[in-house]
1. Counting other Cβ atoms within 10 Å of each Cβ, which chymotrypsin sites (Phe, Trp or Tyr not before Pro) in the stretch 36-124 have at most 14 and sit in a DSSP loop?
2. Between Leu42, Leu28, Ala125, whose Cα lies farthest towards the positive end of the dipole of the stretch 4-135 when Lys and Arg beta carbons carry +1 and Asp and Glu beta carbons carry -1, centred on the Cα centre?
3. Per-residue ellipticity at 222 nm for the chain, helices alone: DSSP H runs ≥ 4 residues times -39500 (n - 2.57), over residue total, nearest 500 deg cm²/dmol?
4. Quick check: pseudo-label points 7 Å beyond the Cα along Cα→Cβ at Leu187 and Phe168, how many nm apart are they?
5. Find the relative contact order for the stretch 145-281 and round it to a whole percent, using C-alpha pairs within less than 8 Å whose residues are 6+ positions apart.
6. Rounded to the nearest 0.05, what FRET efficiency is calculated for Thr102 and Trp49 with R0 set to 51 Å and r the Cβ-Cβ distance?
7. Run through the stretch 167-233 and list the chymotrypsin sites (Phe, Trp or Tyr not before Pro) located in a DSSP loop whose Cβ has at most 16 other Cβ atoms within 10 Å.
8. If you take all C-alpha pairs in the stretch 1-121, what percent of them are over 24 Å apart?
Amino acid sequence: MIDTATARAGNQHYFRHSLFQRLMHGVLMPTFVGLAATGLPLKFSHAGWSRSLASAIGGFDAILFFHKVLAVIMTLQMVVHVGFVVYLVAVKRQKGILWGPTSMTPQPRDIKEMFEHLRYFLGLAKEPPRFGRYTYWEKFDYFAVFWGMAVIGGSGFLMWFSEFFATFLPGSVFNAALIIHSEEALLAVWFIFTIHIFNSHLRPQKFPMDMVIFTGRETLEELAELRPAEYERLVAEGDLDASLAPPPPLWLRNFGRLVGVAIVITGVTIFVLTIVAVVGE
């Protein structure tokens with residue numbers, strides 16, 4: 001076990017997420033919720049709650065308009081993110097982004113830690129895996145966004161600009177695109193508003209809210225307890241002091257709580273409404 005006496009001293013914090021990372025998530029989070037709130041009423045247009053929402057906004061045409069605006073914003077956010085990653089790799093030569101202990105790229109140790117975690121959940125191991133900077137489920141969530149942008153976003157733009165694509169694609173492609181867009185979007189919404197929200201905020205170690213995505217900071221005690229491999233690496237390489245940060249200001253913590261609670265409540269509400277609509281079909 002790691003001696004966390006130093007980590008506990010003075011309630012010290014360290015920077016886990018940069019301002020750019022938080023801004024990217026800050027754009028992704030409301031646009032995803034907005035896309036869910038505007039796309040699912042179109043999918044379940046027969047449901048009473050869907051018709052009521054459409055009436056309050058100005059009709060299904062208005063909902064579709066906002067859905068397209070949010071789709072453009074999310075696409076631009078993804079382009080900026082990918083462009084920044086390419087810049088760090090090609091210009092700044094930060095090879096650690098693609099592989100190594102600070103990379104989001106899935107690696108053999110992630111598979112090992114996943115099975116070790118399963119053994120821990122089943123009571124076959126006394127302690128959970130010694131996670132590093134990113135866990136296997138965080139990497140899964142990260143790359144799921146790329147899958148969603150390719151499949152859901154690609155099919156969405158295919159339908160949006162159907163007149164152009166119809167000049168060289170058969171009509172059956174658009175029927176498939178509608179099904180793919182609809183079902184994959186529903187799957188993404190269910191995953192985000194259950195598994196992702198639970199892993200991020202509702203699991204015992206973080207309940208009722210993980211503030212790190214809003215403040216960018218985590219206590220050294222949390223680092224040593226939840227990511228011991230990362231803590232040991234920072235200490236061994238002498239990089240821990242450079243990552244130290246003052247506690248987040250009160251206004252930032254309150255802002256994070258307000259936004260986080262609003263997103264969780266909205267997400268859970270959307271999840272419940274879609275379940276009701278599916279059961280009622």
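1. Answer in residue order: Trp99.
2. Checked the options; the winner is Ala125.
3. Result for the chain, helices only: -21000 deg cm²/dmol.
4. Simple spin-label model gives 2.8 nm for this pair.
5. The value is 22 percent.
6. 0.70
7. In loop regions of the stretch 167-233 (DSSP not H, G, I, E or B), the sparsely surrounded chymotrypsin sites (Phe, Trp or Tyr not before Pro) are Phe168.
8. 59 percent
The values are calculated or read from the model by the stated rules, or taken from the named source; none is laboratory data. Just so you know, these numbers come straight off a predicted model, no measurement behind them. Every residue, glycine among them, receives a Cβ derived from its backbone with ideal geometry; neighbour counts consider all protein chains shown. All accessible areas refer to the heavy atoms of the entire protein, side chains included, with ligands and DNA or RNA removed. Shrake-Rupley method; radii C 1.70, N 1.55, O 1.52, S 1.80 Å.
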